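Down below is the structure, laid out as structure tokens.
The values are calculated or read from the model by the stated rules, or taken from the named source; none is laboratory data. As the structure is a prediction and not an experimental result, all values here were calculated from the model. Virtual Cβ from ideal backbone geometry, glycine too; neighbours counted across all protein chains shown.
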Amino acid sequence: MPVVLEDIAPSPLEATDRLLVRRGAGPLDHTMELIAAQDVADLVSVAWADITGKPATFPPDAHNQAWSTITATPTTLAGYGITDAATAETRGTATIDFGAAPGTNMIETAVSTPITAGARISVWFQGDASADHNAYEHQIIFPARIGLTAGSIIAGVGFTIYASTELRLTGDVTCRWQWSA
């Protein structure tokens, strides 16, 4: 039996309005009414367990999101799960002083840092000028002419940087160092 809808006055619909059809107990007990969108949420409340056909998992879709819109972002390396990154205590600079004229071709420089036994140390020339030598010398000449090594580790105290060259040098030369366990 077809349902006949009577006495429905035309009404302009707003974009936020919804049309609700309610079905009653009997075959002719149908009504239609226009309700505001904010009232729709109040009409139906369904428990999560009662929803059928829902997926067991919700894998993320590839997307782009602005970092500034993500809440509870880590503020430390450990917060990202990084536990072996170099910290301020494990890297630094050292000044190698070859002294005044006539200079020397071998020098040792002690570095104080809370180093661990068995650590690996890297030493290299930084590209900046020192008080006695320009950036060109630090970047081009010194890496080719001066051998840098590190050793003599004393756990918890520091290590020694050894510099050697075939020529006698004078003045300060700056190098960078880093150690890792």
Quick check: is even one residue across the range 152-160 among the β-branched types (Val, Ile, Thr) and in contact (Cβ under 8 Å) with a residue 60 or more places away in the chain?
-> no
In this structure, is residue 76 closer than 30 Å to residue 159 by Cα, at pLDDT 75 or above and exposed (fewer than 10 other Cβ atoms within 10 Å of the Cβ)?
-> yes
Hey, does the range 130-142 have a residue that's of a type outside the set (A, V, I, L, M, F, W, C), under 34 Å from the mean Cα position of the chain (by Cα), part of a loop (DSSP other than H, G, I, E, B) and closer than 19 Å to residue 164 by Cα?
-> yes
Which residue pairs have Cβ atoms under 6 Å apart, sit 6 or more places apart or on different chains, and have a first residue in the range 118-139 that is more than 21 Å from residue 178 (Cα to Cα) and a second that is at pLDDT 75 or above and in a loop (DSSP other than H, G, I, E, B)?
-> 132/171
Among the residues of the range 30-52, is there at least one that is within 30 Å of residue 160 (Cβ to Cβ), at pLDDT below 85 and assigned to a strand (DSSP E or B)?
-> no
Could you grab me the full set of residues in the range 146-174 that are surrounded by 14 or more Cβ atoms within 10 Å (Cβ to Cβ) and not in a strand (DSSP E or B)?
-> 170, 171
Failed criterion for residue 101 (all others in (1) farther than 17 Å from residue 178 by Cβ; (2) free of Cβ contacts under 8 Å to residues at least 24 places away in the same chain hold) = (2)
Could you please give the count of residues in the range 84-114 that are part of a loop (DSSP other than H, G, I, E, B), touching a Ser or Thr at 6+ places or on another chain (Cβ under 8 Å) and either surrounded by fewer than 14 Cβ atoms within 10 Å (Cβ to Cβ) or modelled with pLDDT of 85 or more (or both)?
-> 7
